[in-house]
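Notes to accompany the following structure.
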Amino acid sequence: MVLCHGCRARSLLGKVFLNSQSPLVSLLQNRIPLYCLIQKHSYVDVYMKWKKDRFFDSIESIHECSELKRLIALKNCIVSAAPEDYCIPIYVVSKKGLELEIPIKVAKFLRQYPSVFEEFKGPKYDLPWFRLTEKAIELDKEEREVYSKCKLDLIERLKKLILMSVGEKKVLPLKIIQGISWYLGLPEQFLKDPERNLDGCFRIVDMEEGLKGLAVEIEGNEERVLSVMQKNAMRKGVYSGGEMESIAFPLFPSKGVRLKTKISDWLDEFQRLPYLSPYAEFSGCLNQDSDLREKQVVGILHELLSLFVEHAAERKKLLCLRKYLGLPQKVHKAFERHPHMFYLSFRNKTCTAILKEAYRGKSAIEAHPLAKVRKKYINLMNDSDIILKSRRVNNRVCNHKNNMNIKDLDCIEEEAEDECIYLNDCEPIPESMDSFS
């Protein structure tokens, strides 16, 4: 009987391995890493109260980016319409408010920044004209030099973003890329002429639902794309390039934040898990509720924010990439569960996700070539407040002088009236007195 049971067992194993449709055989044939097969269901409900951090809330280059985007768009309209003298009449841009996402009248917006746009009367009909100031022209030239010198870097960042997409064909809709082109630092007209601005590995393809997409083709002899985390780990000598190696995320806790013992133990175990590159395909063989899947999601968000100019973006802008990057439906919880890596700012009534490592780490993430130019633009915008304030003070002084002059005239009139009344009230001189004199 024992031999019979042994024969039955061997026959069953033979059937399993001979059957090519068996899930075990298919997993072995695909050579899926072992850590994808052995997973722990040790989900810990990490909930930490949000704590305000004044340092991240005070970064103007992040929180003034929406206003700066409108200003640069208007500046580009003036440069394209009048590349020689940089001046246009107001009717050229007065009807582009919706296109440029300006919530107020364009003329009012231009008058808010006299350090960038100078107003004067036109040659005909006294229409208001606007031209760029000397400092704005210098910044525009510097910005164009950065675009020309760092074109390859911008193309490489765009290429990495597309390579993070899921599926065999690495492709993203053009509409979505244009929506986040400001974060990537791409010029406005960059994607409208892809044949001229992009290299040979990019191509325009048709996607589902009638969308146009931008795809990247990778040749077999190209080197493997490494993420920022992998590069930094190699510099420190703690990573050799293997798939099953563990890389710990750099943590930057805010002041006054203390973790519970249970959450701290979970975080230590989370850091020891293998690091999954955002450029590799693992989403199909991972349990969506596992800690390994969560570490993959955190790695994707970390790499995505490291590609942006300010290493930050509005959270709602990132949600449009959820489907194409293979992110879960509740991807926003990754920011809430890892406050040592990400900070959520609620300034200007918007939720902005900020990568802490870019502002607290020592040269861990390379600065975007366009970041310095945008900071100069913001400093120039702030100069407008000083100009407007001085104008208000001068207007008050002029009004005060005019009021003083009016008061002086009133005093003169009152004195004249008093003299007339005094003369009228005086008694007449008798005739006898005149004759006596």
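Limited to region 78-92, what total is found for residues that are touching a helix residue (DSSP H, G or I) at 6+ places or on another chain (Cβ under 7 Å) and part of a loop (DSSP other than H, G, I, E, B)? Looking only at that region, the number is 1.
Residues that are among the aliphatic types (A, V, I, L, M) and more than 30 Å from LYS175 (Cβ to Cβ) within region 209-255 comprise ALA233, MET234, VAL238, MET244, ILE247, ALA248, LEU251, listed in sequence order.
Does LYS362 fit the bill of being modelled with pLDDT under 95 and part of a loop (DSSP other than H, G, I, E, B)? Yes, satisfied. Take the residues in region 279-304 that are of a type in the set (A, V, I, L, M) and more than 14 Å from PHE249 (Cα to Cα), then tell me which one is modelled with the lowest pLDDT. Per the criteria, the residue is LEU286. Considering only residues in region 278-307 that are in a helix (DSSP H, G or I) and of a type in the set (Ser, Thr, Tyr), the one that is farthest from the chain's Cα centre (by Cα) turns out to be SER283. Looking at region 112-157 only, could you name the residues that are of a type in the set (A, V, I, L, M) and within 25 Å of the chain's Cα centre (by Cα)? Matches in region 112-157: VAL116, ALA136, ILE137, LEU139, VAL146, LEU152, LEU154, ILE155. Against the conditions (1) buried (at least 19 other Cβ atoms within 10 Å of the Cβ); (2) under 26 Å from the mean Cα position of the chain (by Cα), GLN329 satisfies every one except (1). Restricting the first member to region 330-354 and to residues that are at positive phi, and the second to residues that are open to solvent by 20 Å² or more (accessible area, probe 1.4 Å) and at pLDDT 90 or above, the beta-carbon pairs closer than 9 Å and six or more apart or on different chains are ASN348/GLU64; ASN348/SER66. Set side by side, the residues VAL171, VAL205, VAL228, VAL216 differ, and just one is more than 22 Å from SER306 (Cα to Cα), among the aliphatic types (A, V, I, L, M) and either touching a helix residue (DSSP H, G or I) at 6+ places or on another chain (Cβ under 6 Å) or in contact (Cβ under 8 Å) with a residue 12 or more places away in the chain (or both), which is VAL205.
Out of LEU132, LEU127, report the one residue that is over 21 Å from PHE308 (Cβ atoms) and surrounded by 19 or more Cβ atoms within 10 Å (Cβ to Cβ).
Working: LEU127 fails: surrounded by 19 or more Cβ atoms within 10 Å (Cβ to Cβ).
One residue alone meets the criteria, LEU132.
Close contacts from region 69-96, counting a first residue that is aromatic (Phe, Trp, Tyr) and a second that is in a loop (DSSP other than H, G, I, E, B) and open to solvent by 10 Å² or more (accessible area, probe 1.4 Å), with Cβ to Cβ under 8 Å and a gap of 6+ residues or different chains, come to TYR91/LEU127.
Residues that are outside any helix (DSSP H, G or I) and free of Cβ contacts under 8 Å to residues at least 12 places away in the same chain within region 100-119 comprise PRO103, ILE104, LYS105, GLU119, listed in sequence order.
Any chance region 363-378 includes a residue that's over 24 Å from LYS151 (Cα atoms), surrounded by fewer than 20 Cβ atoms within 10 Å (Cβ to Cβ) and without any contact (Cβ under 8 Å) to a residue 40 or more places away in the chain? Scanning region 363-378 turns up no residue that is over 24 Å from LYS151 (Cα atoms), surrounded by fewer than 20 Cβ atoms within 10 Å (Cβ to Cβ) and without any contact (Cβ under 8 Å) to a residue 40 or more places away in the chain.
Of the residues making up region 332-354, just one is surrounded by fewer than 18 Cβ atoms within 10 Å (Cβ to Cβ) and β-branched (Val, Ile, Thr), namely THR350.
Note on region 45-103: residues that are aliphatic (A, V, I, L, M), open to solvent by 50 Å² or more (accessible area, probe 1.4 Å) and more than 17 Å from PHE130 (Cβ to Cβ) total 1. Among the candidates VAL106, VAL146, VAL92, the residue that is hydrophobic (A, V, I, L, M, F, W, C) and touching a Ser or Thr at 6+ places or on another chain (Cβ under 9 Å) is uniquely VAL106.
Restricting region 270-303 to residues that are over 25 Å from ILE365 (Cα atoms) and of a type in the set (D, E, K, R) leaves a set whose member that is least open to solvent (accessible area, probe 1.4 Å) is ASP291.
Residues in region 290-309: is at least one of a type in the set (Gly, Ala, Ser), in contact (Cβ under 8 Å) with a residue 40 or more places away in the chain and farther than 21 Å from LEU186 by Cβ? Yes, region 290-309 has at least one match.
The values are calculated or read from the model by the stated rules, or taken from the named source; none is laboratory data. For clarity, every value in this text was computed on a predicted model and none was experimentally measured. Heads up, the Cβs are rebuilt from the backbone with ideal geometry, glycines too, and the neighbour counts pull from every protein chain shown. These area figures cover heavy atoms from the full protein model, side chains too; ligands, DNA and RNA do not enter into them. Shrake-Rupley method; radii C 1.70, N 1.55, O 1.52, S 1.80 Å.
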